[in-house]
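Each remark here refers to the structure printed beneath this line.
The values are calculated or read from the model by the stated rules, or taken from the named source; none is laboratory data. Predicted model only: the values in this text are computed from it and were never measured. With ideal geometry, Cβ positions are generated from the backbone for all residues, glycine too; neighbour counts draw on all protein chains shown. In case anyone asks, the SASA skips ligands and DNA or RNA and just uses the protein heavy atoms, side chains included. Shrake-Rupley method; radii C 1.70, N 1.55, O 1.52, S 1.80 Å.
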Amino acid sequence: MDRRKSIQAMILGAGAGATGLIFKGCKTDEGPTVEENIATGAEEFFGRTPEELKLIEKLNAEQLFNTHEMETIAVLSTVILPPKEPHGGPIEAEVPDFIEFIAKDYPEMQDTLLGGLMWLDHTSNTTFGVEFKTATLEQQKQILDTIAFHDVEVPLEEQPMEIQFFHMMRGLTVTGYYTSKVGIADLGYKGNMPNVWDGVPEDVLEQHGVSYDPEWIAKCVDQSKRGIIAEWDEEGNLLT
């Protein structure tokens, strides 16, 4: 799944515009190169074009948010989407790293995100005398309640910057989480799975005046032979 492409619609729709947590952060020159990651089978590089691989390496070598901003993003993401057992939440899904990568990939988001983070701290310091990341949960919610909703009759790009910021952060947090292994596990999504097929129900067959050939149905709907590939003779007759 391409997590970058999955948020393009959200970005276009958004308009123009915890202390002690440990982050992996951006890749540096000391870290593995894209080629080394590919060689070791890193999943996030599977199926990428050469151009995409070069872009990924370039973005991973850059840093947008400082440590304080990354910690604030981590705290904010967990307020937006609280962790729950057994899979965890945005931190376990590496949502802060995802948000930084996407913000580097889409520079038009940066002013809104950086400005919004400054607004959070300014508002928290002015109201409660502490930075947003160290405020209590109730204090954080009190601040966010003022920007969590907007007038749907007014285009988002015409809304105040802080409202655009929260709208963007909420979309990034949810997208980052539910396109991660942690989020997919939380959804319980297993992809396409084989099921047990016993043929068309008898009442449906009767409605259409048809029935199965007993010999044919015995070969086709024998669950004990689920893993056996069917074979036909040269005349098209089913053998197994």
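A few remarks follow.
- Ignoring aspartates and glutamates fewer than eight residues from Lys84 along the same chain, the ones with Cα atoms less than 13 angstrom from its Cα are Glu92, Asp186.
- Gyration tensor (alpha-carbon) shape descriptor, region 106-168, a/c threshold 1.5: oblate
- Residues in region 78-90 carry Karplus couplings, in order, of 7, 6, 5, 9, x, x, 8, 6, x, 8, x, x, x Hz; the curve used is 6.51 cos²θ - 1.76 cosθ + 1.60 with θ = phi - 60°, and Gly or Pro positions show x.
- Probe 1.4 Å, protein heavy atoms only - accessible area per residue of region 85-126 in square angstrom: 42
- Protein accessible area in region 71-133, 1.4 Å probe - carbon and sulfur %: 55
- Ranked by how many other beta carbons lie within 10 Å on average, peptides 139-151, 201-213, 111-123, 161-173 from highest: 161-173, 111-123, 139-151, 201-213
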